[in-house]
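Before any comments, here is the structure.
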Amino acid sequence: MAVPFCKMRPELRDLLAGTRSEIAALNMAVRAYAPVRPRPQSDKTREAAQAVRALDQAYTAATGQAVPTCGELWPYNGPMYQWRWSREAIARRVASAIDRSRRGSVGMHPLTAMIVREFFSAIWPEDLAWPISTPRPNPQTQEQN
């Protein structure tokens, strides 16, 4: 149970008031610095992030369910023919990339975008058209995995 400020011992009340004023001074000092500007992104990383964002939005709009992000991992059953990671590592990397693109990340490494495209290609519904703006990877069969 928390003790009200007015019922605290005087020495604790003074200590708490001093800490509050120091935190306020620190906050003002931090605000005096110029804001951190994002690194300039190359055209490739910007296009990769836009492609991931477009795939995520198209899948979510068509199916009515969003692809899970980092908080809720799911099993990945897509192609494994060239990855040196496990299925869980791929799912984690895809979830992290989708999460970053949803939060407005400016750029994304082209390899990460390729993994996300492979993932979406593996889970894409048969009756849904693939977005024209993003090239679709060749579908892989289970024998090739």
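The numbers here are math on the coordinates, done by the rules we state, and not lab data. Keep in mind that what you see is a predicted model, and the values were worked out from it rather than measured. As a convention, Cβ positions derive from the backbone with ideal geometry for all residues, glycine included, and neighbour counts pool all protein chains shown.
Some points to look at:
- Sorted on the mean count of surrounding Cβ atoms within 10 Å across their residues, most packed first, peptides 93-100, 118-125 read 93-100, 118-125.
- Estimated inter-spin distance, Arg9 and Ser42, nm [label 7 Å along Cα→Cβ]: 6.2 nm
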